[in-house]
Amino acid sequence: MTLNVSVQVCHRLSRSASLARSITLATNRCAGVLASSATERQTRPNQGLPMARTEVGSGRRQVAASATSAGARDPSGAAGGDETMLGVLGFGKMSAALVGGFISAGTVKQANVHASVRSHEKQQGLRDKGFVNVYGDALHGGAQEVAAKSDVIFLGVKPQVIRPVLHALAPHLDPERHLVVSIAAGITLSDLEESLGQGVRVVRVMPNTPSLVGSGASAYALGSYANDADCELVRTLLSSVGLAIKVQEKMISGVTGVSGSGPAYVYMAIEAMADGGVKCGLPRETALMLAAQTVKGAADMVLNNGDAMIHPGVLKDDVASPAGATIEAIAELEAAGMRSAFIRAVVASARRSDELS
């Protein structure tokens, strides 16, 4: 996902200098505060936050049951979830991340993926990666081919060019058979239903790229014709590659700002932390590994193994000892406006996603 907001964040953080400066100051303080850091920590009651209804983890067996109850065909008659016939119109980075995640999780077989892409170069690239059902431009027969051979169709084309693709796909859809899942930012359920025709079952999804490694964060909203089985099918697919949360459609723009674009913000933070480590004398690879693992571990602590989430403010206070290295670094980040920069980035991404329609 290409976002101008990443550039904005970079400028807000003064090309990551504030994070690097904070790490340098924290390192300089460490020698003088090790003794005080060993003193007894303040304890607090567990300030857990209730989690929204979410699903994480593989749901391979459930995919087949959901597809069958939704009216999707199963050519082999097999009960395994990997027999889902998945169509993809447009195979950009986000589509590739999702499809790659589904295949790795075992919810979809690579042989059961039917993809339509515009360029001959990308068609050949997919074939070189083992995809055997690759068709041409959606506007020149690709959409018809995908509809004929798929039950669940993911729309992965860019929002700026999706409308002609919808019109090319619409004549070949069977409302009793097909479920259409859109990952195009800014394209509403009403836009999709109006373009695809009466009774077509549609779900709108905002995923993110860590789905490729099974750590995605996706939110989805159901169209007016989507049924419970469609909801279960999409939930199962998405939860096989990470976190899946059902939301009202009006929340999708906010989801785009937080988790859709969010990996880019985090990558910038990791890079800046690593830069700070390098300035303090760490080898680049060491600094980068430490920064990335720190972010991963901190996120795991907030999520708390699927139990009630722990507020990040509580966890931050646990790290920040009085007069210690961490609170010195936090003061630097606050002075640089880190919080407001992230807030503005999320809002800017959400606003831009609405403009894309």
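In this structure, Glu249 does not satisfy being acidic (Asp, Glu) and out of contact with any strand residue (DSSP E or B) (no Cβ under 9 Å at 6 or more places or on another chain).
Taking the listed residues Gly125, Gly92, Gly156, the one that is more than 23 Å from the chain's Cα centre (by Cα) and either assigned by TED's automatic domain parsing to the domain that holds Ser190 or farther than 21 Å from Ser195 by Cβ (or both) is Gly125, with no other qualifying.
Taking each residue of the stretch 319-345 that is free of Cβ contacts under 8 Å to residues at least 24 places away in the same chain and assigned by TED's automatic domain parsing to the domain that holds Thr294 and looking for partners that are surrounded by fewer than 17 Cβ atoms within 10 Å (Cβ to Cβ) and assigned to a loop (DSSP other than H, G, I, E, B) with beta-carbon atoms closer than 9 Å, six or more apart or interchain, yields Ile327/Ala320. Here the helices (runs of 4 or more DSSP H) wholly within the stretch 230-349 that include at least 1 residues being modelled with pLDDT of 95 or more and over 25 Å from Pro207 (Cβ atoms) are 262-279, 284-303, 312-319, 325-335.
Tell me the residue from Ala147, Ala184, Ala143 that is assigned to a loop (DSSP other than H, G, I, E, B), within 14 Å of Val88 (Cα to Cα) and either of a type in the set (A, V, I, L, M, F, W, C) or touching a residue at least 40 places away in the same chain (Cβ under 8 Å) (or both), please.
Values: Ala147 fails: assigned to a loop (DSSP other than H, G, I, E, B); Ala143 fails: assigned to a loop (DSSP other than H, G, I, E, B).
Answer to the check: Ala184.
The values are calculated or read from the model by the stated rules, or taken from the named source; none is laboratory data. Being a predicted model, the structure only gives us computed values, none of them experimental. In this analysis, Cβ positions are derived from the backbone assuming ideal geometry, glycine residues included, and neighbour counts consider all displayed protein chains.
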